[in-house]
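Participant: The structure that follows is given in the form of structure tokens.
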Amino acid sequence: MHTATDGEHLRQEIAAISERIAENERALSRLRPSTAAPNPPGVLAAKGNGDAPIQPAAEEHGVYLYGIAGQDPSLWPGELPGIDPDLPVFQIPYRDICAVVSEVPLLEYGPVGLKAKLNNMQWVLSAAQSHEDILMSNGATIIPMRFCTICHTATSVQEVLARYYDRFVAALARLDGKQEWALKVTCDREQLARRVEETSDRARELRARMAQQSSGVAYFLSKKLEEVVAGEVERACAARIEYIHDRLSGQADESVVNPLQKRETAGRSEEMVLNAAYLVAQGQWDAFRAEMARLAEEHREMGFSFELTGPWPPYHFVDNELGEGIDHE
């Protein structure tokens, strides 16, 4: 069960999705028909003798790829709505694995149509929620693909399954029974500074000297005190974050530290000091959450705030090359 709202999680991740828009456009520019030479970037198909490109016909469909899972017809029986709610999720099998997919109309999800959708943040928010809901719909172990990974045909998807079969099987075995938990820690620097001043021998020494000096000397000592406290705050913050991450990593199979988000991106007034993800086995979930709760209480008076969300699909623990290996044909 998520410990923060789905909307909050998606709002936090919306900036990352926006950053991938350009990457999606580059990938989609490689979409090409199965005949003759590739079309110019952004053109899915060109017909006739004229120079002007034309859009796909309304009835043409591509394949939206959500992830790779073990083959089990009962998990996605063709009833769950896809990212286009009129077209259901189904499986494209290969040996004992499958691609979890749905069809999408290329008029809307080809290069031109998708570019317009990706620039509509309201659509992105809703579609990203649908993408995650499908990945999490039945608790199956799944290798998640990036948002808006679209292939031209089912045949090209099967070729990917064959090409990367061994790596997909190994990844599924590594991820089996595990899910991703995300932790964001923020720090109220002023509160931490007050705590540092209370406990710092150096700060107490400077304050004592200030009380015994003239106003001019005391002013320069106050500047020195600010410098000392700022340095100790930085060291204390770094030490606390390392300690927190090490403790939680001890309860996880794998962990990763992600780039920090700016205040405006994260929607917070306080500074983010840790943005991490942890791959946790099902049997360790309770211990992991309990450890996080202990750490949050331990650091509360220092000005640290914890936000744990999950479980999520294991995006941060999948080889990026697997997703990038999708050949948009």
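Read-outs: derived from the displayed coordinates by stated rules, not from any lab. Keep in mind it's a predicted model, so treat the numbers as computed, not measured. All Cβ positions, glycine included, derive from the backbone under ideal geometry; neighbour counts span all protein chains shown.
Participant: Beta carbons within 10 angstrom, averaged per residue: use that to sort the peptides 308-317, 86-95, highest first.
Facilitator: My ranking of the peptides, most packed first, is 308-317, 86-95.
Participant: Counting Lys and Arg as +1 and Asp and Glu as -1, what is the net charge of the other residues whose Cβ lies under 13 Å from the Cβ of ASP253?
Facilitator: -1
Participant: Using a 10 Å cut-off on Cβ atoms, rank the peptides 153-165, 60-72 from the highest mean neighbour count down.
Facilitator: Top to bottom by mean Cβ count within 10 Å: 60-72, 153-165.
Participant: Can you list the residues, at least 5 places off or on another chain, whose amide H is less than 5 Å from the amide H of VAL273, using H built in the peptide plane?
Facilitator: Those lying under 5 Å, H to H, from VAL273 are VAL185, THR186, CYS187.
Participant: Report the local net charge at GLN91: Lys and Arg +1, Asp and Glu -1, summed over other residues whose C-beta lies under 15 Å from its C-beta. All intermediate terms of the calculation are to be shown ahead of the outcome.
Facilitator: Working: positive: ARG95; negative: ASP72, GLU79, ASP96, GLU103.
Residues close to GLN91 contribute a combined charge of -3.
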